[in-house]
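Structure first, commentary second.
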Amino acid sequence: MRKFTNQEFANLTAIHKRVIEPPRKEMRLIGKMKRNEMKLESVDDGHSFHCFMRQSEEFQENFSIGLVYHPGEEPGSIQLLRFNGQHGGERSHPHHSIFHIHTSTADDINAESWSRDISKRPQRMVRISKRSPIFWTLSS
Amino acid sequence: MMNPVEILREQFNSHVAVREKRPGILQLVVPLFHEDGDMMDIFLDLPKKGEIDVPESVRISDHGLTMMRLSYSFDIDTPNKARIFRRILAENDVTEEAGELFVEATAETLYATLLQFSQAVSKICNLRYFKRELLSSLFEERLAEFIQDSLKRFHPTQDVFPIPDRDDLAVDWQLSPNGLPLYLFAIRDVNRARLATISCLEFQRKDLKFKSIAVHEDLDKLPRKDLNRLTNACDKQFTSLDEFQGLAISYLKREAAEI
């Protein structure tokens, strides 16, 4: 099974991408969340990605924007980045609601069994961000 | 009269704090985390007077945030997934309404109900693992049930080895609509797809007289290249078990009429 490196993840995050399926003009309300998606591919070598956007209808500060990579040669996907709003605590800052970013590390992804359609979520690497607009710069 | 926060604090041995999310809605700060380090989104919806009088109840809720988290990587978009979701809710006594999960708790049960609720939230956020473990067996089980109940007239035989000295090339089901063996492959994942492709190609190479069909658990799960290879090797495919159940009999009747 394929093993990834942190450098690969950094490259995939930073590589220039183009939108191949744009998001809807309006977020869709389903249950208590608003959602939207778009599909992307890298400009140079055709790597596939999608970006998801979620926001709680009740609590606007609870939002998530994620960049997901689809390797292609195996089923499944890897969540490279996820920007979160001030939804509440997390393990390193349990008592604070802060903007923060989840990123996947190669160790976390490679440690999981890579079979069928396992979708890897960003694990424990979290850094605090004072604001979220840098998502588009980071993920090109 | 008891304040639910005080009750929880006492029952949790002080490892609980609250934050007012909105008037009347308290967010619990408790050491219950998702695997990515985010704290679980659990709220107390307070009764209007802010206190519980036995036997009144207080609602423990996620305000829709569990389903939102689940949707990052998984959608409940098939009857099987919905069935497993409902099973988890039922087993944990959790109610779902418009995407919100909640339970009602009394003063006595607040702590235990909170822990049970957090377990349900954790299971639902990891629903894709249940899918992997349960749906695979459900798919083949349901396929077998359908073949044995509804396709008896086509003489189904399970686990067939068309090439006697090749026990590595197994066919899941053989059907005989017209005297020519019809080899059915249950495709639940990429490994099964590849094995079905290899098997069909080898049977063709050995000049066996047969036809082949593939029944997919979920065609969209297969990588494109594997799907292309299977499509080129196999005579007929059904994109899902539901489609196979709907179309198998008419298809097999047409096969029978060919002779």
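Among the candidates A:HIS87, A:HIS47, single out the residue that is surrounded by 15 or more Cβ atoms within 10 Å (Cβ to Cβ) and more than 7 Å from every other protein chain (Cβ to nearest Cβ). It would help to see each step written out before you state the result.
Values: A:HIS87 fails: more than 7 Å from every other protein chain (Cβ to nearest Cβ).
From the options A:HIS87, A:HIS47, the qualifying one is A:HIS47.
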A:GLU61 passes all but one of the listed conditions (1) closer than 15 Å to B:LEU65 by Cβ; (2) of a type outside the set (A, V, I, L, M); (3) under 12 Å from the mean Cα position of the chain (by Cα); the exception is number (3)
Counting only residues in the range A:13-50 that are hydrophobic (A, V, I, L, M, F, W, C) and in contact (Cβ under 8 Å) with a residue 40 or more places away in the chain, the one nearest to A:LEU80 (Cα to Cα) is identified as A:ALA14
Scanning the range B:66-80 for residues that are away from chain A (no Cβ under 11 Å) and crowded, with 18+ Cβ neighbours inside 10 Å gives B:ASN80
Just one listed residue, out of B:ALA120, B:ALA105, is assigned by TED's automatic domain parsing to the domain that holds B:ASP41 and either in a helix (DSSP H, G or I) or among the polar types (S, T, N, Q) (or both), and it is B:ALA120
Quick count over the range A:1-44, residues being within 14 Å of chain B (Cβ to nearest Cβ), more than 18 Å from B:TYR72 (Cβ to Cβ) and in contact with a Pro (Cβ under 9 Å, 6 or more places away or on another chain), is 1
How many residues of the range B:2-43 are over 28 Å from the mean Cα position of the chain (by Cα) and on the phi > 0 side of the Ramachandran plot? The answer is 3
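Could you pull out the residue among B:SER212, B:SER199, B:SER250 that is of a type in the set (Gly, Ala, Ser) and touching a helix residue (DSSP H, G or I) at 6+ places or on another chain (Cβ under 7 Å)?
Details: B:SER199 fails: touching a helix residue (DSSP H, G or I) at 6+ places or on another chain (Cβ under 7 Å); B:SER250 fails: touching a helix residue (DSSP H, G or I) at 6+ places or on another chain (Cβ under 7 Å).
Residue meeting the stated conditions: B:SER212.
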Residue check: is B:PHE238 over 30 Å from A:HIS47 (Cα atoms), surrounded by 13 or more Cβ atoms within 10 Å (Cβ to Cβ), assigned by TED's automatic domain parsing to the domain that holds B:TRP173 and of a type in the set (A, V, I, L, M, F, W, C)? no
Restricted to the range A:18-44 and to residues being in contact with a strand residue (DSSP E or B) (Cβ under 6 Å, 6 or more places away or on another chain) and outside any strand (DSSP E or B), the residue surrounded by the most Cβ atoms within 10 Å (Cβ to Cβ) is A:LYS32
Matching residues in the range B:1-49 (under 15 Å from B:ALA105 (Cα atoms), part of a loop (DSSP other than H, G, I, E, B) and free of Cβ contacts under 8 Å to residues at least 40 places away in the same chain) number 1
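The values are calculated or read from the model by the stated rules, or taken from the named source; none is laboratory data. Predicted, not measured: the structure shown is a model, and the values here were computed from it. Every residue, glycine among them, receives a Cβ derived from its backbone with ideal geometry; neighbour counts consider all protein chains shown.
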